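The values are calculated or read from the model by the stated rules, or taken from the named source; none is laboratory data. It should be emphasised that the depicted structure is a prediction, and the values quoted were computed from it without experimental measurement. With ideal geometry, Cβ positions are generated from the backbone for all residues, glycine too; neighbour counts draw on all protein chains shown. These area figures cover heavy atoms from the full protein model, side chains too; ligands, DNA and RNA do not enter into them. Shrake-Rupley method; radii C 1.70, N 1.55, O 1.52, S 1.80 Å.
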Amino acid sequence: MEKLKLRIITLIFFISTVFFISNAQDVNALSCVESGSPQEELEIYDGAVYGEVKQVKVDLKQEGFTGTKEKIRYILVEVERSWNTEVDSQLIIATNFTWGFDFKEGNKYLIYFSEVDGELSSSPCSLTIEMNHLNQATELFGEGYPPKKQVNVEHKMWFMFEQDMDLFIVGVVVFAAIFIFFMRVRKKKRKA
């Protein structure tokens, strides 16, 4: 019985250690070229939007089961105006978790974005400006475009998790298997 307890404790310790080591974060350096005026920035990026940030969520992205993990901050923006390109009334924009702008829900911003692999993203080096009124943005860029279509994309934010769910699920399955094994051994010893 003592050997079985020792084996179970060792197995739990091993699984816990692997779980915590695999959740370590990488550190990256960032160096940005000094940006120009807001109008010059607009020429660099695919577009800019002015709107209210409705939600901020962090999601853990990983290439495959063993690939590099990266935390990405996503913001849901209720768009009032856009420049350079027409967009829908709500957008989800990815920002860098480590270096991205610290967006606050309920505040309004002018956000520059680029489209990369079908996903909108805001560079940590792009100029992001907190603004209280739309007329501040229209003074910089002109009237721009109103949203082309009313949409609701909030549901896409539901399945974003900051923690690595794959390892959590594997941990629960392993723990359940150990528990079932332990209960069966205990039941056999009672019968004997």
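Structure above, values below:
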quantity	calculated
Filter result (in a strand (DSSP E or B) and in contact with a Ser or Thr (Cβ under 6 Å, 6 or more places away or on another chain)) within the range 80-108	I93, A94, T95
Filter result for V77 (assigned to a loop (DSSP other than H, G, I, E, B), surrounded by 15 or more Cβ atoms within 10 Å (Cβ to Cβ) and among the aliphatic types (A, V, I, L, M))	no
Subset tally (residues that are over 22 Å from Q150 (Cβ atoms) and either touching a helix residue (DSSP H, G or I) at 6+ places or on another chain (Cβ under 7 Å) or hydrophobic (A, V, I, L, M, F, W, C) (or both)) for the range 42-55	2
When residues of the range 92-142 are limited to those that are open to solvent by less than 50 Å² (accessible area, probe 1.4 Å), more than 16 Å from the chain's Cα centre (by Cα) and of a type in the set (S, T, N, Q), the one farthest from V58 (Cα to Cα)	T138
Checklist (1) more than 19 Å from Y45 (Cβ to Cβ); (2) surrounded by 15 or more Cβ atoms within 10 Å (Cβ to Cβ); (3) among the hydrophobic types (A, V, I, L, M, F, W, C); (4) modelled with pLDDT of 80 or more applied to V151, failing item	(2)
Test: residue in the range 6-23 that is in a loop (DSSP other than H, G, I, E, B), at pLDDT below 75, closer than 28 Å to G118 by Cα and open to solvent by 90 Å² or more (accessible area, probe 1.4 Å)	no
Residue in the range 102-125 that is touching a strand residue (DSSP E or B) at 6+ places or on another chain (Cβ under 7 Å), under 24 Å from S37 (Cβ atoms) and at pLDDT below 80 present	yes
Qualifying residue in the range 76-83 (condition: modelled with pLDDT under 85 and not basic (K, R))	no
